[in-house]
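Have a look at the structure below before the remarks.
The values are calculated or read from the model by the stated rules, or taken from the named source; none is laboratory data. None of these values were measured; they are calculated from a predicted model. For neighbour counting, all protein chains shown are included, and Cβ atoms are generated from backbone atoms with ideal geometry for every residue, glycine included. Just so you know, the surface numbers come from the protein's heavy atoms only, side chains and all, with ligands and any DNA or RNA stripped out. Shrake-Rupley method; radii C 1.70, N 1.55, O 1.52, S 1.80 Å.
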Amino acid sequence: MGVRIIALVLGGVMLAGCSSGGGESERAAAPAAPGTPESTAQEGTQQTGALAAELLQGMSVREKVGQLFMPTVRDAVDGKRIAKKYRVGGFIYFPGNLSSPQETAKLSNALQASSRVPLLLGVDEETGLVTRAKFATDFPGAMALAATGDAALARAAAAATGAELRAAGVNLNFAPVADVNVNPDNPVIGVRSFGADPALAGRMVTASVEGYRAAGVAAVAKHFPGHGDTNVDSHTGLPVIKSSRQKWEEVHAPPFQAAITAGVDAIMTGHLVVPALDSSRKPATMSEQVLTGLLRGRLGFQGVIVTDSLSMAGAKVPGGAPEAAVRAVLAGADLLLMPPDLAAAHAKVLKAVESGRIPAARLDDAVTRILRLKENRGLFTDDGADPATAAQAVSAANRQTAQQVATNAVTVVGNRDAALPLKGPVHVEGPERERVAAALRKEGVRTSGEQAAKTRVVVVTSAGSATRDRLKDLASGNRKVVYVAIASPYALRYGGPAHASVATYSGSAASLRGLARVLTGRTPPKGRLPVSLPDGAPLGSGVTDPL
C-alpha cells in the first residue's frame, strides 16, 4: 500500500513532516511495520513528536481547542460540517456508523478527507458484552479471556479485532478494560473486566495493548482509577468508592501500571469519586489529584488522558456539561469524549482559554499529546481504508481464534457424582434452552422432555435465591442437575445444590459450541474462575482433568 503524505496548511505554515533542524520541513517517514526491528522504537509514546510540535505552532487557539473534542457523528455530511466548524480531534463511532466494513471504510475516508488534521476515529469494541461493530468477529470478551489464563490468546484476540477495525478506517479502540472487578454486584463492569486478580488482569491488559498495536490501532485502558468496586452505574449516577488508598495501590492500580509499561496510547477516566484518593470528593474526571497527581505523577503516564462520555450522569457538575469539560481539562484530561452539546462545550473551553482560566500551556500540553498519538499511530502517513478489501479482514482464522478462546474459557466448578460428561437423555431449561439444546445435539446428545431425561441442564443468564431453591428441588430426585451460567459467573453462587456448575462468561455462538464440547467430554475443561464467588468457589477454581 502506498503512503500518502498529508500536507497541512495552518496559519499560513506548510507542514508536511518532521523538521530537518533548519530551513524547510521534510516529509515524515512512514512508520515501520509492526513486529519489525524498526518498529520497536515506535511503540507506545516513544516517537520524538517533532511533527506534532511543528504542527502545533501553526494552529490557532480555536483550532487547538477543537482538537480536544471527540463527538459522535451521524454520517459523512454531518462529520464534514463538524470538522469544518470545530476542527475536532476525532469522532466516536456507534452501530449506526458500522453497518459493514465497506460502508465504514467509506465513511472513515470521507471524514478524514474533510479534516486538515488526521482524525482519531474510535469505537467501544471491547468484544463480548460491549460490541459496536456487528460485522466484527464475535469474541466472548475480557473475562472469558482471563478464564483461559492465556495471554497469547488475549494478544491474538486484540490483534484480530484491531485488524478488522483498522481495515474499516477505525484507528482507536476504547479497550481494554483495566478495571479489577471485586464487587459481585457491580452493575456496569462485571464480565467486561479481566476479573478480580490484579496480576492476571495486568497480564491480559498488557497482551491486549500489544495486540491492538500490532494491528495499528491505538488502545485505551479504562476506567481510571478503577471502576471495579462499585454497585452504581456511572451512566445513571455517581459512584462513590470507599476503599482505602492501600487497596487502590494493591488491587486497582496494577493493571493501569501494566498498561502504561506496555506503552498504552491513552487512558480513559471514570466518572467516580474515591475519597481516599481525593478528599475533596471530586469525580475522578474533574480531579487534578487523580489525573495529574496519580496518573501522571504516581504512575508516570505520558500519553493521552481521555474522559469517559461527558453525557453520562456521573459527569454532571454545577454549571452543566460545558463546565464539566473545562474542569476536566484543568484536572489534566486531554481529550473530551461525547459532549452532549458540542457547540456549548467548545465555546466554554475556548472562553476559558482566552480568559486565562485554562492556561495556554495546559492547552498546548493536551493538544501536543493528541497530535503525538496521531503521529505515533501513523495517521499523518495513512493513505486511507480500502472499501473493496475491508471485509477480507474478517477472516476464518479470526473466527477460529474466537472459538479457541470460547472453548478454553469454559469453567467447570465442581462435578459431583460424575454428572459430567453428559449421559443419556438430557432436558434443557432456562432462557437460552433452545440454543444450548441445539449445540448439545450437534455434539451427539439426545435431548428430551422432563420425564424421560436422566440429566437436567439448567441455564441462567441471571440468578437469585429462587434459583437455588429450584436447583435444590431438582436435585432431590434421582436425576443429575448441571447448572450453567452463560453470562456472569457470579450467578454460580446460587448453584450449590447442583451436581455440576459451569460458567461460559458469554452467550455467543462460539461459547455455546465450546460449552457443548466440554459438557459432552469431547474437549477437557481448561477454564479457571478469574473471580471469587461469595460464600463459594475461590479465585482460580476449576476442574481441568478430562471428564
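Couple of notes before you dig in:
- Among the candidates GLU443, GLU434, GLU450, GLU429, residue that is among the acidic types (Asp, Glu) and either in contact with a Cys (Cβ under 9 Å, 6 or more places away or on another chain) or at pLDDT below 95 (or both): GLU450
- Residue in the stretch 233-284 that is most open to solvent (accessible area, probe 1.4 Å), counting only those that are of a type in the set (Lys, Arg) and in a loop (DSSP other than H, G, I, E, B): LYS242
- Checking each residue in the stretch 213-232 for being modelled with pLDDT under 95 and either closer than 23 Å to ALA157 by Cα or buried (at least 24 other Cβ atoms within 10 Å of the Cβ) (or both) picks out only THR230.
- Residues considered: ALA452, ALA466, ALA487, ALA516. Of these, the only one that is part of a helix (DSSP H, G or I), small (Gly, Ala, Ser) and open to solvent by 20 Å² or more (accessible area, probe 1.4 Å) is ALA466.
- Selection status of GLU164, at pLDDT 95 or above and more than 16 Å from the chain's Cα centre (by Cα): no
- Cβ-Cβ under 7 Å pairs, at least 6 apart or on other chains, the stretch 430-449 side over 13 Å from ILE486 (Cβ atoms), far side open to solvent by 90 Å² or more (accessible area, probe 1.4 Å): GLU443/ARG522; THR447/ARG441
- Residue check for ALA156: touching a residue at least 60 places away in the same chain (Cβ under 8 Å), more than 18 Å from ALA214 (Cα to Cα) and not in a loop (DSSP other than H, G, I, E, B): no
- Verdict on VAL482 being in contact with an Asp or Glu (Cβ under 7 Å, 6 or more places away or on another chain), outside any loop (DSSP other than H, G, I, E, B) and open to solvent by less than 30 Å² (accessible area, probe 1.4 Å): no
- Long-range neighbours under 6 Å by Cβ, at least six apart or interchain, first residue among the small types (Gly, Ala, Ser) within the stretch 118-130, second open to solvent by 10 Å² or more (accessible area, probe 1.4 Å): GLY128/SER506
- Output for the stretch 127-170, where each listed residue is under 18 Å from ALA396 (Cα atoms) and either aromatic (Phe, Trp, Tyr) or open to solvent by 20 Å² or more (accessible area, probe 1.4 Å) (or both): LYS134, PHE135, ASP138, PHE139, ARG155, ALA156, ALA159, ALA163, ARG166, ALA167
- Cross-chain or 6+ apart pairs with Cβ under 6 Å, the stretch 525-546 first and in contact (Cβ under 8 Å) with a residue 40 or more places away in the chain and more than 17 Å from VAL405 (Cα to Cα), then in a loop (DSSP other than H, G, I, E, B) and of a type in the set (Ser, Thr, Tyr): LEU539/SER532
- Residues within the stretch 60-79 that are surrounded by 15 or more Cβ atoms within 10 Å (Cβ to Cβ) and in contact with a helix residue (DSSP H, G or I) (Cβ under 7 Å, 6 or more places away or on another chain), tallied: 10
- Some residue of the stretch 112-134 being at pLDDT 95 or above, under 15 Å from the mean Cα position of the chain (by Cα), part of a loop (DSSP other than H, G, I, E, B) and of a type in the set (Lys, Arg): yes
- Yes/no for ASN398 being of a type outside the set (Ser, Thr, Tyr), over 30 Å from ASP185 (Cα atoms) and free of Cβ contacts under 8 Å to residues at least 40 places away in the same chain: no
- Scanning the stretch 164-175 for residues that are in a loop (DSSP other than H, G, I, E, B), free of Cβ contacts under 8 Å to residues at least 40 places away in the same chain and small (Gly, Ala, Ser) turns up nothing.
- Within the stretch 102-126, the residues that satisfy the criterion of being out of contact with any Leu (no Cβ under 9 Å at 6 or more places or on another chain) and either under 19 Å from THR389 (Cα atoms) or buried (at least 24 other Cβ atoms within 10 Å of the Cβ) (or both) are GLN102, GLU103, ALA105, LYS106, ASN109, ALA110.
- The residues of the stretch 77-104 that are assigned to a helix (DSSP H, G or I), under 27 Å from THR368 (Cα atoms) and of a type in the set (A, V, I, L, M), listed by number, are ILE82, ALA83.
- Filtered residues of the stretch 285-312 (kept if within 19 Å of the chain's Cα centre (by Cα) and more than 20 Å from GLY89 (Cα to Cα)): LEU295, PHE301, MET312
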